[in-house]
Amino acid sequence: EILETMVSDYDRGRLTRRELVSQLGGLVALAAGAGGFATGAGAAAPETPAPAATFRAVGLNHIALTVKDIQRSRDFYVRHLGLTVERESGGSAFLNIGNNFLALFRGTQPGLHHYCFSVEDYSVEDAAARLRKQGIAPRIEGDRIYFDDPDGLGLQLAAPNHRL
């Protein structure tokens, strides 16, 4: 469904080709991290229908990285990927990727800080209630909600129009 939404948004002019490719790349990266796509003759059909999803993700909103040197990393992404700086401070920088963005946070251990999915009908209160109902303890910071995936990777949810 996520793939169909992305292609539909591209067909309707809501996404540029660059934005579509960026979102598809994020989707492929996430699928690879989850064990890849099951296709073809070796793909097993589910025996029972999948339960209703807690949320409906409609896009990868942003990725946040922990980096040792904000300026060095900012300059790398600007020079090699053509990203533009939206805003920055001593401890962070936010770089534009079409309608999405890359957040850089200063830290001692480089790596993934968190990733964020845009979900339909987002509200922090509703998201917290849904997560708690599923046995997940969310962390709320203002209008932002965070929780960990099964491997402890930080995940954030946001409205489709969420920007910095």
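Quick note: the coordinates plus some simple rules give every number you see, no bench work behind them. Small disclaimer: the values here were computed from a predicted structure and weren't measured. Virtual Cβ from ideal backbone geometry, glycine too; neighbours counted across all protein chains shown.
Give a residue-ordered list of calculated ³J(HN,Hα) values for segment 78-85 (Karplus: 6.51 cos²θ - 1.76 cosθ + 1.60, θ = phi - 60°; whole Hz; x for Gly, Pro).
With the stated coefficients, segment 78-85 comes to 5, 5, 9, 10, x, 5, 10, 7 Hz.
Under a Cβ-Cβ cut-off of 14 Å, what is the net charge of the residues other than Thr108 that fall near it, where Lys and Arg count +1 and Asp and Glu count -1? Could the numbers behind the result be given before it?
Working: positive: Lys68, Arg106; negative: Asp69.
With Lys, Arg at +1 and Asp, Glu at -1, the neighbours total +1.
Find how many whole Å separate the alpha carbon centroid of segment 108-129 from the alpha carbon centroid of segment 78-105.
Measuring centre to centre over Cα atoms gives 18 Å.
Under unit Cβ charges (Lys, Arg +1; Asp, Glu -1), what dipole magnitude, rounded to 20 debye, does segment 56-107 have relative to its Cα centre?
Details: 7 positive and 4 negative charges, 21 e Å.
With Lys and Arg at +1 and Asp and Glu at -1, about 100 debye.
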